[in-house]
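Worksheet: the structure to be examined is printed underneath.
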Amino acid sequence: MAEVKEIKKAAKKVKKADPVAASIDVATQQMIARAQELGVETVFDRNITLKPCNIGNQGTCCKNCSMGPCRLPLPKDYDEANDNRKGMCGATANTIAARNFIRMVAGGAAAHSDHGRSVAEVFMSAARKETDVYKIKDEAKLLQIAPALGVAITVEVDGETQDRDIDEIALEVAEAALNEWGKAEGEVLYAKRAPEARYELWKKQGVLPRNIDREIVEIMHRTHIGVDQDYRNLMKQGVRAAIADGWGGSMLATDLQDVLFGTPYPLVSEANLGVMKEDMVNLVIHGHEPVLSEVIVEVAQTKEMIDYAKEKGAKGIQLSGICCTANEILQRHGVPLCGTFLQQELAIVTGACDAMVVDIQCIMQNIAAVAECFHTKIVTTHPIARMEQQSTIHIEFDEHHAVEDAKRIVKLAIDNFANRKGEVMIPKQKAPVVAGFGVESVEYHLGGTFRGNYYTLNDNIINGRIRGIGGVVGCNNARVRHNEGHIEVVKELIKNDVIVLTTGCNAIACGMEGLLTPESAKVFCGPGLAEVCETVGIPPVLHLGSCVDNSRILLAATEVVKAGGLGNDISDLPAAGSAPEWMSEKAISIGQYFVASGVYTVFGAVFPTEGAPVFQRFLFEEMEQMYGGMWDFEKDPIKHAWKMINHIDSKRQALGIDKARDRVMMDFSMRQALEG
Ligand code: NFS
């Protein structure tokens, strides 16, 4: 491998990415350099050659009809009182930016919720016993969610309360769940799982979702030319659809996945490209729905497949994951994380990826082009997500013949092991992780049976050892340095005693940096948080799963409210949300349901409404009066973290618990002074 320095020089000449400027992660830097050495183009190089459209970035380009696109950039001498910018139909910059923004919510909510629907359909097959592969694995979780879907778990017989038959409950839960996408009347049932004050606020604001699909469809209707032309009213629908995602589609996805595949409990694994093994068949699983990956994990561990791999000259089968599927199979099976969204091409550049199997979402089409430079087979599996490249193989996955499909995919990877060409180069970097936290396990680790389940966590927040809670989530974005925002924000938070709940690519980034281990508490945390983590034996950054599992953060926050002492609503909590490197529409939907749930939420990278300052002010200021949560934007990771910490401190002050923290800190400095 050529020296990184030489490659950097060469990169400058031919307009390629500088690997060190592109990522903070050494393994990623090495593989970007390796790709360049081999003449393989990646997203990092396209970041140099392909510039984003400035007007699109500002959110003020409208292409919702063929009289446009109407482009309304923010003028240099912008004067709010005399802003006469208009599209052909007269749509103002605010209308255009709001339309574009809520269309992003629609895209994100649709992606999460359609994923949830697929899971619900598989759940229905399992409940009807149409398949042997999928079964109800976690009955306790089923019994826990049934009442929230209006399904009784007991029955009165002759004046006696008896448990209902579990199969009957499963069937009714499946029906009730599927109904949530398209019922004719009523409201999304899980909205009632929010704290009562929040539910009442949504009712007052008129944003209780009716059913999941309807709210998404209505966004498309309202943003059609000549319909809704009031940014406040457009956002009302944006909020309603986002709630239908967070407290509907995503929450159902998480719950039904837990019932089918098991609720995660903490386990140990590893993260980064270094988990791939040269002498084994590397099958990389990429995408989002665990419906397929669960079966692949099971099949790949069978003696039949391992023997077959050995027959073909490999020592065994190494599974690993990319993107949110990685988080799903990590949290339930300990399958190691291969990398984040931005590392998908690089896993192939190792030359050791025998097959990459993908389902839906966050899959770059360029993996097919990269794979063509190596021996790697790209296997698409979902009817809604195929690739035009003839080099890709489509094996359509169906729950009714899941094992056969999984076997075909695993065998295909094994058969391809012998076809590796050229030198294999797997970076050494990998870090140990503890993952698989959830509402239940946080309760177990931090809770007590005394005075409410989340009492110990609340107690530690009230006494100031834990300053507050940060939910740090979301994508990577090649327009900013890979993982830098994620890691700096999280490190700054835990250094200042803010415990972090993480999902998605942020969780993978934290894993790669060693922040998901209990040992990291001593190294990176402020004294209060370090003490709690060391006493309880948990990492300061808790891995709560994939992006649909952001619903776990909503429910954990609700449990904190219920445990008492920290106000009546999520908006009272010393808590804040963040997506430092977001890029997908899903991230906007997530951000919007965090805000609608009362969380102050800061985004990094870019913000897609900068061309419409009045509308942006609505998001960044006025929304707080309506929902107790609001959006904010900060590129600089340290300032980004401090916006969150300052918000947390203001909530502590409002709760009257700011003094407690002063005392804890004084004790510590006094101790230090004594020791000194
Ligand atoms: Ni969520 Fe972004 Fe994709 Fe997962 Fe990663 S990019 S919004 S974090 S993998 S969904």
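The values are calculated or read from the model by the stated rules, or taken from the named source; none is laboratory data. Since we're looking at a predicted model, the values are computed, not measured. Cβ placement follows ideal geometry from the backbone for every residue including glycine, while neighbour counts extend to all protein chains displayed. Remember, those area values only see protein heavy atoms, side chains included, never the ligands or the DNA or RNA. Shrake-Rupley method; radii C 1.70, N 1.55, O 1.52, S 1.80 Å.
Numerical summary
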quantity	calculated
Net charge over other residues, Cβ less than 15 angstrom from the Cβ of D572 (K, R count +1; D, E count -1)	-3
For segment 542-571 and segment 315-335, distance of Cα centres in Å	26 Å
Lys, Arg +1 and Asp, Glu -1 on Cβ, resulting dipole of the chain about Cα centre, debye, nearest 20	2340 debye
Inter-centroid distance (Cα atoms) of segment 94-170 relative to segment 187-203, Å	18 Å
Net charge over other residues, Cβ less than 12 angstrom from the Cβ of A197 (K, R count +1; D, E count -1)	0
Heavy-atom accessible area per residue - the chain, 1.4 Å, Å²	38 Å²
Contact order normalised by residue count of segment 93-261, Cα under 8 Å, 6+ apart, percent	39 percent
The chain - percent of accessible surface contributed by carbon and sulfur, probe 1.4 Å	50 percent
Segment 534-581 shape via C-alpha gyration tensor axes, a/c threshold 1.5	oblate
Relative contact order computed over the chain (Cα-Cα under 8 Å; 6+ residues apart), in percent	16 percent
Shape call, segment 93-261: gyration tensor on alpha carbons, a/c limit 1.5	prolate
Cα-Cα over 23 Å, subset of K495/K635; K377/K407; K76/K236; K312/K377	K76/K236
9 Å beta-carbon shell around V498, net charge (K/R +1, D/E -1)	0
Inter-label distance, nm, simple model (7 Å from Cα along the C-beta direction), K63/D158	7.1 nm
Proximal lysines relative to K141, as straight alpha-carbon distance under 29 Å, when same-chain residues fewer than 8 apart are discounted	K129, K183, K192, K203, K562, K586
Filtered GluC sites (Glu not before Pro), segment 230-314: DSSP coil and at most 15 other beta carbons within 10 Å	E278
Geometric extent, Cα atoms of the chain - Rg, Dmax (angstrom)	24.8, 85
Spin-label model distance (nm) - A184 vs D307, 7 Å beyond Cα toward Cβ	5.7 nm
Whichever lysines have a C-alpha closer than 18 Å to that of K428, once near sequence neighbours (fewer than 8 apart) are set aside	K277
